[in-house]
Amino acid sequence: MTANVPERLEWSGKNGAEERFFCMTAEPGASFEEELQSLMARYRHLGGGEEDEFLLRFHVSDPVRQLAPLRRMIGERNSYVSIVGQPPANGARVALEAWHIGGMLGKRRRAEPGGTVVEALRAHYRLFLAGKREFSAPDSCGQMREEFRWLDRIAALQGEPCRI
């Protein structure tokens with residue numbers, strides 16, 4: 001890596017919560033598949049990919065062409081996985097953010113009509129991430145409205161009011 005920045009940060013709360021955050025960029029110069037394979041190997045070497053993985057967010061240079069190989073390489077996960085069409089600044093084709101939550105009492109990932117919900121259960125709270133996959137609106141404003149309506153419905157299904 002060219003920057004001297006830690007790729008893994010950890011912190012512990014007073015109530016016993018432990019979290020790890022990974023922020024990693026591939027070394028540029030290889031094919032997308034080679035960069036991703038190397039990046040995921042570093043992630044596993046630093047302790048990523050365990051049962052406490054909650055979120056994976058990939059930043060890629062060409063999401064349309066890179067989606068299929070990305071899905072093949074990371075496999076089916078019980079985590080929330082998102083893909084952002086925003087290439088890393090160092091010229092690589094892929095970067096990764098990952099969030100791990102220790103001490104979960106349980107975690108589940110489920111498909112909802114039009115999207116995905118991942119829920120982490122802790123002793124005193126629930127944390128869930130939700131994202132819509134399909135949009136009918138042709139513009140970003142309409143898609144954002146659809147997303148908020150969908151999230152409002154998902155939050156209501158959780159028994160929690162949506163406060164936006």
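The values are calculated or read from the model by the stated rules, or taken from the named source; none is laboratory data. This one's a predicted model, so the numbers in the text were calculated from it and none came from an experiment. Neighbour counts are summed over all protein chains in view; Cβ atoms, including those assigned to glycine, are modelled from backbone coordinates with ideal geometry. These accessible areas exclude ligands, DNA and RNA; they are computed on the full protein's heavy atoms, side chains included. Shrake-Rupley method; radii C 1.70, N 1.55, O 1.52, S 1.80 Å.
Listing for the model above:
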{"read-out": "Sole exception among (1) assigned to a loop (DSSP other than H, G, I, E, B); (2) open to solvent by 60 Å² or more (accessible area, probe 1.4 Å); (3) hydrophobic (A, V, I, L, M, F, W, C) for I83, by number", "value": "(1)"}
{"read-out": "Flag for L129 being open to solvent by less than 90 Å² (accessible area, probe 1.4 Å) and in contact (Cβ under 8 Å) with a residue 24 or more places away in the chain", "value": "yes"}
{"read-out": "Residue within region 96-116 that is closer than 28 Å to G13 by Cα, modelled with pLDDT of 90 or more, surrounded by 11 or more Cβ atoms within 10 Å (Cβ to Cβ) and in contact with a Pro (Cβ under 7 Å, 6 or more places away or on another chain) present", "value": "no"}
{"read-out": "Residue satisfying all of: in region 14-59; of a type in the set (F, W, Y) and closer than 14 Å to A95 by Cβ; most open to solvent (accessible area, probe 1.4 Å) among these", "value": "F21"}
{"read-out": "Failed criterion for W11 (all others in (1) surrounded by fewer than 15 Cβ atoms within 10 Å (Cβ to Cβ); (2) assigned to a helix (DSSP H, G or I); (3) of a type in the set (F, W, Y) hold)", "value": "(2)"}
